[in-house]
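Below is one structure, written out as structure tokens; comments come after it.
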Amino acid sequence: MSFFLYLLFIIALVEFVFSELWNRYYFLYGFYIFNKTFEYSNSDFTLNNINNFIKFMDKTESVAHYKGKCFDENTFFFRKKFFSFGFFRNDFENLHGIISIDTENRVVKLKCNTCYSYLLLTTYMFPIFFQQSKNVLTALLTAFIVFSLYFFSGLFRYKKLAKEISKLVH
């Protein structure tokens, strides 16, 4: 079991470093939990709105715990701020993703993913719950509930982000 904890710690540390350094591959690839596409009509208007949104993402009330960065002209990354203070701060999820503008097809793509360390942590919880309860069904159910809470918490946050982007493209 201790090997698994070391592995989990190393993966979480690597994810933290990649996220802090805005590593391109960390944001482009991952375990996707939410994808959405928005059509738009005016390219300049949409690009300007998305650019401003990314710059001032942490000032927008519904996504204030997130921070964004422009990667290139049509690609933007976002992640949760690591050091943010607030009464309703939720440290349970560590979500990140990419907003890309496809000028050929006139769509904005939102791809949101989650960290592998959280998925590993949920996997690690199963043997612990099994050891405590000695019942496979109870352990599976508990691990499933923990994973579901994490998944739906992230999904809720991403839907808020999608709502903000929808406002920007129309």
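A few points about this structure:
- The stretch 103-112 - residue that is in contact with a helix residue (DSSP H, G or I) (Cβ under 8 Å, 6 or more places away or on another chain) and either surrounded by 15 or more Cβ atoms within 10 Å (Cβ to Cβ) or among the basic types (Lys, Arg) (or both) and, of those, modelled with the lowest pLDDT: Cys112
- Residue match in the stretch 1-23 (condition: open to solvent by less than 30 Å² (accessible area, probe 1.4 Å) and farther than 13 Å from Tyr116 by Cβ): no
- Where a residue in the stretch 138-165 is within 15 Å of Asn113 (Cα to Cα) and its partner, wherever it lies, is outside any helix (DSSP H, G or I) and open to solvent by 70 Å² or more (accessible area, probe 1.4 Å), with Cβ under 7 Å and at least six apart: Tyr150/Phe92; Ser153/Phe92; Ala162/Lys36
- When Phe38 is tested against (1) within 22 Å of Phe151 (Cα to Cα); (2) modelled with pLDDT of 90 or more, just one condition goes unmet, and that condition is (1).
- Comparison of Tyr150, Tyr116, Tyr158 shows that the only residue that is under 24 Å from Ala64 (Cα atoms), under 26 Å from the mean Cα position of the chain (by Cα) and open to solvent by 30 Å² or more (accessible area, probe 1.4 Å) is Tyr116.
- Here Thr46 fulfils each of the conditions (1) over 22 Å from Tyr150 (Cβ atoms); (2) part of a helix (DSSP H, G or I); (3) modelled with pLDDT of 85 or more; (4) open to solvent by 50 Å² or more (accessible area, probe 1.4 Å) apart from (4).
- The C-beta contact set for the stretch 1-15 (first residue under 17 Å from Thr122 (Cβ atoms), second residue assigned to a helix (DSSP H, G or I) and of a type in the set (A, V, I, L, M, F, W, C), distance under 6 angstrom, 6+ apart or interchain) comprises Leu8/Leu120.
- Residue in the stretch 127-150 that is closer than 18 Å to Lys80 by Cβ and assigned to a helix (DSSP H, G or I) present: yes
- Considering residues of the stretch 150-170 that are among the small types (Gly, Ala, Ser) and in contact with a Phe, Trp or Tyr (Cβ under 7 Å, 6 or more places away or on another chain) only, the residue nearest to Met57 (Cα to Cα): Ser166
The values are calculated or read from the model by the stated rules, or taken from the named source; none is laboratory data. Since the structure is predicted, the reported quantities are computational estimates derived from the model, not experimental observations. Counting neighbours? That spans all protein chains shown, and the Cβs are built from the backbone with ideal geometry, glycine included. Just the protein is used for accessible areas: all its heavy atoms, side chains included, with ligands, DNA and RNA removed. Shrake-Rupley method; radii C 1.70, N 1.55, O 1.52, S 1.80 Å.
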